[in-house]
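What follows is a short report on a single structure.
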Amino acid sequence: MRRRLAAVLLSVVALGAAPPTLAATTATPRTTLHAMEEQVMCVVCKTPLAVANGPQADDERAFISHLIAQGKTEQQIKDALVVEFGERVLALPNDHGFNLAVYLVPVLVLLGGLVLLVVMLPRWRRRRRVPAVDAGGAELSEQDARRLDDELARYDG
């Protein structure tokens, strides 16, 4: 009985003492250079790193590859890039503080446009339905009729 209990305790301790890198890699998925290139910018040419060429872009790729080799997650790599190159390295700004306006302003403009459309569309449709004034009862004077005939004759012939 004691041997069995000792074996169970030894296996529990062995499972709990697994290398932390193995547990970390199974808990968080690793990222790739391609995935990171889509999310960051070249700080010199201000284009996505996936399409940027040049020494600075190559330096950023090498830095990212080094962090991936260390087993860093996407967020850890982004944080390291911001520390190294500044906020302008991120393709999308953070969603807090003043940068939140980048996400809110388009939504508010779209909602404002929809409200304007809902309010103005019935007014525009009502204006359309107003009947036009019937001008069929007015007759031309002899002078206007002669002038009209002369104008039409000039264009016909």
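Only the coordinates and a few stated rules stand behind these numbers; no lab work does. It should be emphasised that the depicted structure is a prediction, and the values quoted were computed from it without experimental measurement. Note: ideal-geometry Cβ built from the backbone for every residue, glycine included; neighbour counts use all protein chains shown.
Of note:
- Per-residue Cβ neighbour rank within 10 angstrom, fewest leading, MET41, MET120: MET120, MET41
- For CYS42, residues with placed amide H under 5 Å, excluding near neighbours: THR47, LEU49
- ASP59 paired with ARG127, simple spin-label distance in nm, labels 7 Å along Cα-to-beta-carbon: 5.9
- Sequence of VAL89, VAL102 once ranked by neighbouring C-beta atoms within 10 Å, starting from the fewest: VAL102, VAL89
- In plain terms, the residue of LEU110, LEU49 with the fewest other Cβ atoms within 10 Å comes first and the most crowded comes last, giving LEU110, LEU49.
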